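Engineer: Have a look at the structure that comes next, please.
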Amino acid sequence: MRGVKVNLNGQTKVLGVIGDPIEHTMSPYIHNRLIEELSHNHVYVPFHVKKDGLEKAIHGAHALGIQGLNVTIPHKEEVLDHLVEVDILAKQIGAVNTLKKTANGYKGYNTDAYGLLTSLEHNNISLKDKVVLLIGAGGAAKAAAILCASQGVKKLMIMNRTIKKAEDLAYVVKKYYDTQIEIYPLNSVVLDKKIHLCIQTTPIGMHGHSNEAPISESELYQKIEVAVDIIYNPMETLFLKRAREHKALTLNGIEMLFYQGIKAYEIWFDMTIPLTIQNKLLLEIKNKLQRGI
Ligand code: NAP
């Protein structure tokens, strides 16, 4: 697998991602390959920022002229307090994963919903009139819930360890959309005979915890037609494996990650990235993950 070639000079623009932990992020690879394909004079680097350093990091990044930042766990919600402007979709979702430099500070966007939608569309999966089970009620789940509501799902079931957080998420969605919503504790069995789409958004099953799944009930797996896990490492989580064994179609989170990154780059530089480049890079990244590099 080829590496990423970087030529730095006095005009190089810096981009990056802030999070804690940050060591395992794929974003620098995706963006630096994108930069290379586009022949732009930019570089994208990871920044390890702890919770108590978030405000200083945002102001410091602006002072340093950093053009664009991605924001990941655990800063997606807290970062809202340190922005000069927030895009309407990010406001609805209540979480930001992309910052674009403006004269006086950063404007926040959320490209996770776009990433998830594009990934579903790319695999011919539609949300319209579907019964959807959403596992989790954190930052990524918020983007998924608003997406489901905006795409006209028939019913949204939110299943989460902390019921209060699921209720809060339902309240947020109801503020904007007239969606039928039901709340369930984690691992409980739902009444519906069929779950058209189950979207798994918790970190359970991630690399290092790959023998864990958020649900264990066979009865639940039997009802799932399409299972989506937004985790991409491992490429097949235990949740996806069990869903596949119960005959569900499965999709992991790599395309969501890829397309949210594409959208962020388009926002930073007011441009559209050619589909030929997108398709080439997506294939390359999938191969890279497959080989576990
Ligand atoms: P978050 O805001 O911290 O939310 C985590 C959610 O998972 C909460 O609902 C939490 O439940 C639940 N959870 C965490 N640990 C749990 C456990 N041990 N048992 C039961 N429930 C547990 O995180 P996030 O930002 O939404 O990210 C979640 C995952 O999505 C991460 O793995 C992240 O890497 C991935 N992600 C992927 C993409 C992509 O592009 N593919 C984009 C964004 C995020 P409680 O409410 O009970 O705490």
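Readers should treat all values here as calculations from the given coordinates under stated rules, not as data from a laboratory. Source: prediction; values computed, not measured. Virtual Cβ from ideal backbone geometry, glycine too; neighbours counted across all protein chains shown.
Engineer: In nm, what is the difference between 0.36 nm times the number of residues separating ARG244 and SER210 and their Cα-Cα distance?
Structural biologist: Values: separation 34, 0.36 × 34 = 12.24 nm, distance 1.58 nm.
This chain segment gains 10.7 nm when fully extended.
Engineer: Which ordering of VAL45, VAL96 is given by a fewest-first count of other beta-carbon atoms within 10 Å? Intermediate values should be presented prior to the final figure.
Structural biologist: Numbers: VAL45 15, VAL96 29.
Starting with the residue having the fewest Cβ neighbours, the order is VAL45, VAL96.
Engineer: Cross-link partners among aspartates and glutamates for LYS142, C-alpha distance below 17 Å, same-chain residues fewer than 8 apart left out?
Structural biologist: GLU77, GLU78, ASP87, ASP112, GLU167, ASP168, ASP178, GLU182, ASP229
Engineer: Another question about this same structure. For MET157, what residues show an amide H to amide H distance below 5 Å, using hydrogens built from the backbone and excluding near sequence neighbours?
Structural biologist: Under 5 Å from the amide H of MET157: VAL132, LEU133, LEU134, GLU182.
Engineer: Turning to a different aspect of this structure: Once label points are set 7 Å from the Cα along Cα→Cβ at both LYS280 and ILE163, what is their separation, rounded to one decimal in nm?
Structural biologist: Placing both labels 7 Å beyond Cα along the Cβ direction yields 5.4 nm.
Engineer: Could you check the simple spin-label distance between LYS51 and LYS194, using points 7 Å along Cα→Cβ, in nm with one decimal?
Structural biologist: Once both label points are built, they end up 4.4 nm from each other.
Engineer: Only Cα pairs within less than 10 Å get springs; with that Gaussian network setup on the chain, which residue of THR250, THR98, THR272 has the largest fluctuation?
Structural biologist: THR272
Engineer: Quote to one decimal, in nm, the extra length available between ASN41 and HIS122 on full extension: 0.36 nm per residue of separation minus the C-alpha distance between them.
Structural biologist: Values: separation 81, 0.36 × 81 = 29.16 nm, distance 2.99 nm.
Gain on stretching ASN41 to HIS122: 26.2 nm.
Engineer: Taking 7 Å along the Cα-to-C-beta vector as the label spot, tell me the SER218-LYS174 distance in nanometres, rounded to one decimal.
Structural biologist: Going by the 7 Å Cα→Cβ label model, 3.7 nm.
Engineer: What does the charge add up to near ILE181, with Lys and Arg as +1, Asp and Glu as -1, over the other residues with Cβ less than 9 Å from its Cβ? If you can, show how the numbers build up before the last one.
Structural biologist: Values: positive: LYS155, LYS174; negative: GLU182.
Here the count lands on +1.
Engineer: So, one more: Could you list, in their original order, any pairs among LYS164/LYS247; LYS13/LYS50; LYS51/LYS91; LYS247/LYS280; LYS101/LYS174; LYS165/LYS223 whose Cα atoms are separated by more than 28 Å?
Structural biologist: LYS164/LYS247; LYS247/LYS280; LYS101/LYS174, as the Cα separations exceed 28 Å there.
Engineer: The range 140-201: which trypsin sites (Lys or Arg not before Pro) are DSSP loop and have at most 16 other beta-carbon atoms within 10 angstrom?
Structural biologist: Working: sites: LYS142, LYS154, LYS155, ARG161, LYS164, LYS165, LYS174, LYS175, LYS193, LYS194; in loops: LYS154, ARG161, LYS193, LYS194.
Here the trypsin sites (Lys or Arg not before Pro) that fit, given the DSSP loop and packing criteria, are LYS154, ARG161, LYS193, LYS194.
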